[in-house]
Amino acid sequence: MVRALAFALSVATVVTASSPGDPDFYNTVADIYSGPDCGQESFVWADPIFGRGGSCQPLDRHDNTPDILSYRPTTIYPDCIVTLYTDSECNSTAYPAELNDCVQAGIPFVSAFVKCPFSDIS
């Protein structure tokens with residue numbers, strides 16, 4: 001638990017300290033849960049979504065995450081919009097993820113699409 005908290009704090013610092021052009025830039029950080037209702041007993045870890053956004057990204061990038069049944073964004077870069085999906089192509093029902101709100105679909109989330117004002121800038 002202490003390691004998860006330390007990671008969450010370090011990731012939150014990166015979000016505010018980095019800018020969209022930096023290689024370590026995170027546009028969103030969220031607490032992910034293996035159970036419903038963002039219950040502390042099912043907390044997995046704080047998970048960053050990196051990059052400029054504008055593309056469908058897998059939530060389990062390293063094939064080491066339990067099913068994500070609920071998701072709570074704790075940091076979202078200003079003016080970015082986070083949407084979660086239950087498929088890998090971001091074609092399923094869209095679930096908007098607002099800052100500090102618990103989002104759940106009844107089945108696991110698989111992907112996220114983050115749209116930021118700078119997403120289309122190369």
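The values are calculated or read from the model by the stated rules, or taken from the named source; none is laboratory data. Please read these numbers as outputs of a predicted model, since none were measured by experiment. Cβ placement follows ideal geometry from the backbone for every residue including glycine, while neighbour counts extend to all protein chains displayed. Each accessible area value is taken on the protein alone, full model and side chains, heavy atoms only, with ligands, DNA and RNA left out. Shrake-Rupley method; radii C 1.70, N 1.55, O 1.52, S 1.80 Å.
Evaluation of Tyr26 against the conditions (1) surrounded by fewer than 17 Cβ atoms within 10 Å (Cβ to Cβ); (2) of a type outside the set (Gly, Ala, Ser); (3) over 17 Å from Pro96 (Cβ atoms) shows that the sole unmet condition is (1).
Scanning the range 1-43 for residues that are at pLDDT below 90 and either assigned to a strand (DSSP E or B) or of a type in the set (D, E, K, R) (or both) gives Arg3, Asp22, Asp24, Tyr26, Asn27, Thr28. For the range 72-81, does any single residue satisfy the condition of being farther than 18 Å from Val44 by Cα, modelled with pLDDT under 95 and in contact with a Pro (Cβ under 6 Å, 6 or more places away or on another chain)? Yes, some residue in the range 72-81 is farther than 18 Å from Val44 by Cα, modelled with pLDDT under 95 and in contact with a Pro (Cβ under 6 Å, 6 or more places away or on another chain).
Going by what's in this entry, would Leu99 be described as free of Cβ contacts under 8 Å to residues at least 40 places away in the same chain, within 24 Å of Ser19 (Cβ to Cβ) and hydrophobic (A, V, I, L, M, F, W, C)? So Leu99 passes the test. Can you tell me which residue within the range 102-122, out of those that are over 12 Å from the mean Cα position of the chain (by Cα) and hydroxyl-bearing (Ser, Thr, Tyr), is surrounded by the most Cβ atoms within 10 Å (Cβ to Cβ)? Ranking the candidates gives Ser119 first. Taken over the range 33-78, the residue count meeting the criterion of being without any contact (Cβ under 8 Å) to a residue 60 or more places away in the chain, open to solvent by 60 Å² or more (accessible area, probe 1.4 Å) and under 18 Å from Glu98 (Cβ atoms) is 2. The set of residues in the range 31-66 that are over 23 Å from Asp120 (Cα atoms) and of a type in the set (Gly, Ala, Ser) comprises Ser34, Gly35, Gly39, Ser42, Ala46.
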